[in-house]
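Following: one structure in structure tokens, then a few remarks.
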Amino acid sequence: MFDAAPSPGHNRRPLPPAQSPARGGPGPRTQASTQERRQQGQRPGAARDPFFDNAKYLAIVLVALGHSWSAIKTDNRVLEGLYNVVYTFHMPAFIIISGYFSRSFDMRPDRLKRLITGVVVPYLLFQIAYSLFRRYAGHADDPISLVSPYYLTWFLCALFIWRLTTPVWKLVRWPLPVALGIAMIGSVTRGIDDNLDLGRVLQFLPCFVIGLLLKPEHFAMVRRRRVRILSVPVFAAALAIGWWSVPRVDGGWFYRQFSAQDLGAPWWTGPLMTLAVFGCSLLLTACFLAWVPGRRTWFTALGAGTLYGYLLHGFVVKTAVYTGGFDLAQRHGAVGALAVTVLAAAAVTLLCTEPVQRVFRFAMEPKLEWAFKQDAAELARERQKREPEREKAGV
């Protein structure tokens, strides 16, 4: 979903020993070998690390579950406790992965183009689409605004801002402490969420910055067997604390959206809760990633379509809200909650599939070549890539 502008080779699996130059194998893959694989019908995405695709798919399922549970968790302490636990880490996990895949972002024209076509254009289209859907299906008279993200679109707005600031975080000496300081300021600034959802932009910023700082070995560390075992009691304790906190802690803290004053708390609790929730987010994200499979599974390919699942599942959730589907589920207690959980997971899974991607690619990944000038440096890189083929052909 959020793997734009990856670092070269960051998401590739190591060469097997037979291909390693250190062992006398044939050495690195050449342009010719790439062409041969294509002629044999192998997919261009075969070199993707399945771990990250698995993580993105599982995280998007949790996002869909959280949005569905929000409509039925009233008067259900167990479900609300589970909801709070999920909200502690599911978006931080997405944002950390987004930061990790943004490490190579700079102001190079081709990367700016990809940022515009992959983030800005979908934001504009879906901001308008959700606003119209709310007006006509939800019978709301709220005005259409491009600077007040609605529902799911806040993440695209935030990702655009975060990614633009990536060069700054590479430059400063202590990026994470600075990002935490900015998040703490955001937690005590009233009314900051009115435009561009800046409350969440600032309070989630440390998650993006720490993603920029991570390296492949850090992900390898959390996937060790010891960490996987330790994550079980950690999650058990988190569920117990989540259940305990339901009547005692305002759930708004988990949204990282409001200031402490907006939540009716003293201003000084904002910075403290920012640090506490950030620490819990990191811990539970590590536990979540520890259980993400590193091998290819039946849902690995769906990880490449999580942007589609994220932006489209909101229409499914809102349709259920407008038609009273969640009210019906709530009347059936635990059976209704189970049905909502299964249907939400199935719906977002379907929305990540290749047929759905083909239908909505015009909105999610538009080319828009007509809108941009040809960059001289990019043209030179393309010519350089074609030179080996021309030499081999004797041209």
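The values are calculated or read from the model by the stated rules, or taken from the named source; none is laboratory data. Bear in mind the structure is a predicted one, so any value in this text is a computation, not a measurement. Here Cβ is always computed from backbone atoms with ideal geometry, including for glycine, and neighbour counts include all displayed protein chains. Surface areas here come from the heavy atoms of the whole protein model, side chains and all, with no ligands, DNA or RNA. Shrake-Rupley method; radii C 1.70, N 1.55, O 1.52, S 1.80 Å.
When the square roots of the Cα gyration tensor eigenvalues are ordered a ≥ b ≥ c, the ratio a/c for region 53-110 is 1.5 or more and a/b exceeds b/c, which makes its shape prolate.
For the residue pairs Lys215/Lys318; Lys56/Lys318; Lys73/Lys367; Lys56/Lys367, the alpha carbons lie more than 30 Å apart in Lys215/Lys318; Lys73/Lys367.
Surface composition of region 64-196: carbon and sulfur make up 64 percent of the accessible area, probe 1.4 Å. If you take the Cα centroid of region 206-240 and the Cα centroid of region 98-127, the two points sit 27 Å apart. With the Kirkwood sum run over all distinct C-alpha pairs, region 229-303 has a hydrodynamic radius of 14.6 Å. Taking every Cα-Cα distance in region 269-353 and sorting them into 5 Å bins starting at zero, the pair-distance distribution P(r) comes out as 3, 12, 13, 14, 15, 16, 17, 8, 1 percent. Packing, as the average of other Cβ atoms within 10 Å across residues, places the peptides 83-95, 215-227 in the order 83-95, 215-227, highest first. The separation of region 135-172 from region 241-271, counted between C-alpha centres, amounts to 23 Å. Placing pseudo-labels 7 Å out from each Cα toward the beta carbon at Lys373 and His139 gives an inter-label distance of 5.2 nm. Remark: C-alpha extents of region 113-270 on the principal axes read 52, 45, 31 Å, sorted largest to smallest. When both region 298-313 and region 55-82 are represented by their alpha-carbon centers, they are found 17 Å apart. Semi-axes of the equivalent ellipsoid for region 56-169, computed as √(5λ) from the eigenvalues of its C-alpha gyration tensor and ordered from largest down, come to 29, 22, 10 Å.
When peptides 352-358, 199-205 are sorted by average Cβ neighbour count within 10 Å, with the highest value leading, the order is 199-205, 352-358. Estimated at the nearest 10 Å², the accessible area of Ile161 is 50 Å² with a 1.4 Å probe.
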